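Participant: Following this message is one structure expressed as structure tokens.
The values are calculated or read from the model by the stated rules, or taken from the named source; none is laboratory data. Everything numeric here is computed off the predicted structure, so don't read it as measured data. Accessible surface is based on the protein model in full, side chains and every heavy atom, while ligands, DNA and RNA are left aside. Shrake-Rupley method; radii C 1.70, N 1.55, O 1.52, S 1.80 Å.
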Amino acid sequence: QVPSAECLPILISKLLGLAIVVTSPASKLPQIFNLVKSKSAEGIVVSMFICEVLVFSISWAYMAGQGMAFIEYGEAVIMNFLTCIIVILGLAYSPGGFTPMHVVVMIIYTILLVAMLSGFVPLFVLRLAFTGSVIFNVSGRVPQILQNWRASSTGQLSLIMFVLNLGGTGVRVLTVLVQVLTASSSDKDLLFALFNNVLSAGMNGIIVLQILYYTYDLKARRTETKSD
């Protein structure tokens, strides 16, 4: 049976959401491979990935606490674990390496995550954290964007990762927009999720342009200047 015109956008939205969950690991793996291969965290602001871990953790706990389907937050679960690996590698390959203090912070984070997922943290607190996660989103990306600009280099940042991030957030904008437009009433959580994804897509787009410019265009120009 062919879906009706009203159901078709919702069906497409659900299928796109499932596709994001299934393919989300692909966006972080290139960055992990870059770090392992180069054994360097040059140009990487580790705090950007730490902020991502916080955003994914809060989204995971809040959406699970609301009883949402796994398809709605499965991406956050997978991305959370992969981003934790990037944080560990980034710290390990940074000057000073991985220290005992980092281990203590990881233990504290794990305890807080278990507490949030186990219901020990009230849902209204998770909602406040979810609403405030846009702060982590901005405070994570902006320092990396500024670092790229000041250094005129993007170091070991993976172009593939940010292109896939841009594509993923772009698709997520469309899926959430469909939910907003088809909702029977105004949903503040959906509106916030839409705003957050639009913001994420914009900042991912800036970093993609920086990588293309500093790694390819600017390097090509410098090579041409030297040859002349």
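Participant: Please state the relative contact order of segment 46-109 as a whole percent: Cα pairs under 8 Å, 6+ residues apart?
Facilitator: Computed over segment 46-109, the figure is 36 percent.
Participant: Next question. Could you tell me how many degrees, from 0 to 90 and to the nearest 10, lie between the Cα long axis of helix 123-151 and the main elongation axis, the longest principal axis, of the Cα atoms of the chain?
Facilitator: The helix 123-151 is inclined about 20 degrees to the chain.
Participant: Considering just Cα atoms, how many Å³ per residue does the convex hull of the chain enclose?
Facilitator: It comes to 148 Å³ per residue, whole-number rounded.
Participant: Evaluate Rg over Rh across segment 130-221, taking Cα atoms for both radii and Kirkwood's formula for Rh.
Facilitator: Value, to two decimals: 1.08.
Participant: I'd like to check one number: the per residue accessible area of segment 109-228, probe 1.4 Å, reported in Å² as a whole number.
Facilitator: So segment 109-228 comes to 58 Å² accessible per residue, rounded to a whole number.
Participant: Under the Kirkwood approximation for Rh and a Cα-based Rg, what ratio Rg/Rh is obtained for segment 57-99?
Facilitator: Here the Rg-to-Rh quotient is 1.21.
Participant: Follow-up question, since we're still on this one. What ranking of 217, 189 comes out by heavy-atom accessible area, probe 1.4 Å, highest first?
Facilitator: 217, 189
Participant: Now a separate question. For a quick check of understanding: with a 1.4 angstrom probe and all protein chains in place, what accessible area in square angstrom does residue 127 have, to the nearest ten?
Facilitator: Around 100 Å² of this residue is reachable by solvent.
Participant: Something else now. Against the longest principal axis of the chain, how steep is helix 218-227, in degrees 0 to 90 to the nearest 10, with axes from Cα atoms?
Facilitator: 20 degrees
Participant: As a check on your grasp of the helix formula, calculate [θ] at 222 nm for the chain: sum -39500 (n - 2.57) over DSSP H runs of n ≥ 4, divide by the residue count, round to the nearest 500.
Facilitator: That comes out to -27000 deg cm²/dmol.
Participant: Got a number for carbon plus sulfur as a percent of the chain's accessible area, 1.4 Å probe?
Facilitator: Using a 1.4 Å probe with all protein chains present, the chain comes out at 72 percent carbon and sulfur.
Participant: Right, here's the next one. Quick check on segment 89-183: take the gyration tensor over C-alpha atoms, sort the square-rooted eigenvalues as a ≥ b ≥ c, and tell me if it's rounded (a/c under 1.5), prolate or oblate.
Facilitator: Oblate, because a/c is 1.5 or more while a/b does not exceed b/c.
Participant: Another one. Taking the Cα centre of each part, how many Å lie between segment 65-124 and segment 196-211?
Facilitator: 23 Å
Participant: With springs only between Cα atoms under 10 Å apart, run a GNM on the chain and tell me which of 45, 53, 180 wobbles the most.
Facilitator: Top of the fluctuation ranking is 180.
Participant: Okay, next question. Could you please put 39, 28 in sequence from largest to smallest accessible area, using a 1.4 Å probe?
Facilitator: From most accessible down to least: 39, 28.
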